[in-house]
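Values in this text are rule-based calculations from the coordinates and carry no lab data. Here the structure is a predicted model, which is why all the values come from computation and not from measurement. With ideal geometry, Cβ positions are generated from the backbone for all residues, glycine too; neighbour counts draw on all protein chains shown.
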Amino acid sequence: MTTKVGVVVFPGSNCEHDVVEAVDAVGGAGELVWHKDTTLGDVNAVVLPGGFAHGDYLRTGAMARFSPIMGAVADFARAGGPVVGICNGFQILTEARMLPGALYKNQGLRFLCQPAVVRVESNDSALTRHLAVGRELSIPINHFEGNYVCSPDTLDELRAEGRIVLTYRDNPNGSTADIAGVCNENGNVVGLMPHPERAAHPLLGSTDGAALLKGLISGD
């Protein structure tokens, strides 16, 4: 059965079509879901894509968390459905308290758009379930507020529970403990700042992002 992936579109999203194309390329079936919808339909997985949801005018992700679709996304996640937030989507998941921590402005206050090498720290997540711990992936970043921060207690908890999914080899933005991605307690909700959909085809310079997306559509 083909995995149907709902890609939520907020006003200001700009990576939704890239995600749909990348999901299709690895064997899934991506479809767009409007943020004002109240149901997800029959999707098997959900992606909150990158961009600038609601213009990020209040705070990144702070307005998007109140979109009607987020109630359905939260219910889907509670039922064990895989939910992935990429870049702005990661910010939305933290604002919705579906993931711990927050995303602040990059160290140095510079917008970053460049390749980044990340290391797989856990294969107990919806994205990395088929990847070896220690594997390095080249995946681009594209953000101004990608500096992941959390309290010392939360960091200890993430480490103890194996919930740090990806770390940067050369930390580009000042993120706590070099964190590039984290997951929830069950591993089905994952947030990451790098863009796997931008590294899913040889013409893009890397296919390492496809390895992550294959995990999303592969099931258990």
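Label-point separation (nm) for M1 and D75, each offset 7 Å from Cα along Cα-to-Cβ?
1.9
Find the all-direction average of the projected area of the Cα convex hull for region 97-220, expressing the result in square nanometres with one decimal place.
Its average projected convex-hull area is 7.2 nm².
Based on the alpha-carbon gyration tensor of region 69-147 and its eigenvalue square roots a ≥ b ≥ c, which shape applies: rounded if a/c is under 1.5, prolate if not and a/b is larger than b/c, or oblate? Show your work: numbers first, answer last.
Values: a/c = 2.46, a/b = 1.17, b/c = 2.11.
Note, shape of region 69-147 comes out oblate.
I need the phi-derived Karplus couplings for region 132-142: 6.51 cos²θ - 1.76 cosθ + 1.60, θ = phi - 60°, integer Hz, Gly and Pro marked x.
6, 4, x, 5, 9, 10, 9, 9, x, 10, 7
Considering only the chain, what is the antiparallel percent among its DSSP beta bridges, to the nearest 5?
Percentage antiparallel, nearest 5: 60.
What does the helix-only formula give at 222 nm for the chain: each DSSP H stretch with n ≥ 4 adding -39500 (n - 2.57), the total divided by the residues, and the result rounded to the nearest 500 deg cm²/dmol?
-6500 deg cm²/dmol
Please give the contour-minus-distance gain from F66 to V149: 0.36 nm per residue of separation, less the Cα-Cα distance, rounded to one decimal in nm.
Working: separation 83, 0.36 × 83 = 29.88 nm, distance 2.23 nm.
Contour length minus the Cα-Cα distance gives 27.7 nm.
Testing the spin-label approximation: label points 7 Å from Cα along Cα→Cβ at E157 and V133. State their distance in nm.
2.1
Could you tell me, in Å, what Rg and Dmax come out for the Cα atoms of region 160-220?
12.7, 39
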